[in-house]
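What follows draws every value from the coordinates through simple rules; no lab data is involved. It should be emphasised that the depicted structure is a prediction, and the values quoted were computed from it without experimental measurement. Backbone-built Cβ (ideal geometry, glycine too); neighbour counts: all protein chains shown.
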Amino acid sequence: MNISFNGLSSLAEFFKKEGVKKGIKYIGTGIGIVAVAGVSSFYIIRKINSNSKKEEQNNESSNRQTEKKAEHTQRMQENEQRHNQRIEEMKEQTKQEEIVIKLKKEATCEILDKRNQIRKEREEAKTTQDHNYDEEKIESYHEAKSNGTVKDSKERLLGFPWLREGYDTGLVAPTDCGKSTFVMQVAIALAKGKCDVNLSPEWHSIAPMIVIVFSLEQHYSEISEHYGSVIDNLSTLKIYAEANITPTQIIAILKDEQEKAEASGIFVVIDNYTKLEERFGVKVMKRFCEELDKLRNKSFKTGKIITPFKIYHAKDDCKLTKPFTPSSVRGNKKNVYFTNNFLYLTYCRHGKDKRVLGYMKCKHGDRAQISILEFARNTKVEMFRYAGKGSPKDLGEPSSEEDENGTETKPGRHSNYTIEDALALYQMVQEKECTYNEIEQLYGIKKDALKKRVKRYNRSEMN
């Protein structure tokens, strides 16, 4: 308060001394100077603050740029590191792939070398074998006659007029026609040395002989069920019913049996050849036939003569109303040409219990001769019986009228279902009410047998 009064006193004295007009002028000038100074100070302070903020912003921007540069540098380093790592991994992978390729190449080369070695060994063995054959002295007919090699006796018939000792014989039949029944009856008769039921118009007596049956379509349980009562104590009959048996195993068994056999011959049944050929191919079977034929030819010199009996499937589309030809046989037609005799067993138009047996090929004898067989009754096992002579007119499936007349039927393998049953079951499968596997489990009817029976029926209805 004192300061204020002092200032006013000083101001009053100034105005009194200088005058009012001059005092106001000085005061205005002072005030202007003060205002200018204030404004200048304001701008200076503002500028200082502005510069300070800009400097801070510049520092922040510089810091951010520095940080971004550091981050960018770090990312570049990390990317370069990852890139280098991928390159190393790719190099390592390429290196491993090269090793694998090299190993595969070496393995392939090794396999090829092994194959070439095996091929060379086979060729050498074949050459050696052929060389041995070439070294064997070939006798002329007169030399063999004078040396006693040629027998004065006629070629031996093995019980039946269509089986000659040492002849390669074939038999073809449609599926489910009864060929297994026929074959087993022939095998049992030769092993026993007698035929319990006449299968031909005449029987040529023989002593019991070794019979070997290779059955690729039957199991031991099936054989035991249908034939056990007759064959269980028949030591001369040897059956191999392994579905996976190979041609090499068959040859090995025959060689072993030939060495053990005495002076009697060996009758060999292959049931069936078609299945064997379809499983192993034509090339393998060609080799098999060569080996079998060598064994057969050698057997004539040892007296332990081998007589092959090969069973074949007929084609599904073969004509049942005409005698069979080589084109009716499923598989390689050369199989027919290389045999001595070839039989066919097919259906007879006079009834489902009858069959027709004829010749497709006959080296010695009447090729036109045809026999009618029928299923025998009241026998321990399923058998055929010779019913008389026949002709090509007897060929064909029986008509439906004969079925309705109550003719007793009996297929090649025993069955308890009629054609009506087969049609009903087939229709159930078509309508997806059941499956073929379920039918086989419940009724014992296999898929192929059911389909073929329905197919034959439909074909006969169309005719």
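I need the phi-derived Karplus couplings for region 86-93: 6.51 cos²θ - 1.76 cosθ + 1.60, θ = phi - 60°, integer Hz, Gly and Pro marked x.
5, 4, 5, 5, 5, 5, 5, 5
Apply the Karplus parameterisation 6.51 cos²θ - 1.76 cosθ + 1.60, with θ equal to phi minus 60°, to every residue of region 359-372 and state each ³J(HN,Hα) to the nearest whole Hz, in sequence, with x for glycine and proline.
9, 8, 8, 9, 6, 10, x, 8, 5, 7, 5, 10, 10, 10
Please report, in Å, the Rg and the Dmax of region 319-405, where both are computed over Cα atoms only.
Over region 319-405's Cα set, Rg and Dmax evaluate to 14.3, 44 Å.
Efficiency by 1/(1 + (r/R0)^6): what FRET value for Leu423 and Gln81, r their Cβ-Cβ distance, R0 = 60 Å, to the nearest 0.05?
0.15
Can you compute 3J(HN,Hα) from phi for each residue in region 166-178, using the Karplus curve 6.51 cos²θ - 1.76 cosθ + 1.60 with θ = phi - 60°, rounded to whole Hz and x for Gly and Pro?
Computed from phi, the couplings for region 166-178 are x, 7, 7, 10, x, 9, 10, 7, x, 5, 6, 8, x Hz.
Enumerate the residues in region 330-353 having an amide nitrogen under 15 Å from the point lying 7 Å beyond the Cα of Asp317 toward its Cβ.
Residues 330-331 qualify, since their backbone N sits under 15 Å from the label point.
For region 220-289, just run the numbers: alpha carbon Rg, then divide by 2.2 N^0.38 Å, N being how many residues it has.
That ratio works out to 1.26.
Would you pull out the residues with amide H under 5 Å of Gly159's amide H, same chain only if 5 or more places away, H placed 1.01 Å from N?
So Gly159 has HN proximity to His204.
Which value, in debye to the nearest 20, gives the size of the charge dipole of region 223-363 about its Cα centre, when Lys and Arg are +1 and Asp and Glu are -1 at the Cβ?
820
Taking H as built 1.01 Å from N, whose amide H comes closer than 5 Å to the amide H of Gly166, not counting residues under 5 places away?
For Gly166, the qualifying residues are Thr307.
Length gain on complete extension for the stretch Ile138 to Lys334, per 0.36 nm per residue less the alpha carbon to alpha carbon distance?
Gain on extension, Ile138 to Lys334, equals 67.8 nm.
Between Tyr43 and Asn297, what is the spin-label point distance in nm, taking each point 7 Å from the Cα along the Cα→C-beta axis?
13.2
Tell me, how many Å apart are the Cα centres for region 364-399 and for region 250-299?
29
Mind ordering 266-274, 84-92, 381-389 by average Cβ neighbours within 10 Å, highest first?
Highest-to-lowest ranking by the protection proxy: 266-274, 381-389, 84-92.
About its Cα centre, what dipole magnitude does region 162-263 give when the only charges are +1 on Lys and Arg Cβ and -1 on Asp and Glu Cβ, stated in debye to the nearest 20?
Magnitude of the dipole: close to 200 debye.
Report the charge-dipole magnitude of region 339-397 in Debye, nearest 20, computed about the Cα centre from +1 at each Lys and Arg Cβ and -1 at each Asp and Glu Cβ.
Here region 339-397 has a charge dipole of around 80 debye.
Per the Kirkwood formula on distinct C-alpha pairs, the Rh of region 231-346 is how many angstrom?
15.6
Which residues' amide hydrogens lie under 5 Å from the amide hydrogen of Gly390, considering only partners 5 or more residues apart or on another chain, with H built in the peptide plane?
Ile370, Ser371, Ile372
In nm, give the distance between the simple-model label positions of Asp256 and Tyr240, each being 7 Å from the Cα along the Cα-to-Cβ direction.
Taking the two extended label points, one gets 0.8 nm.
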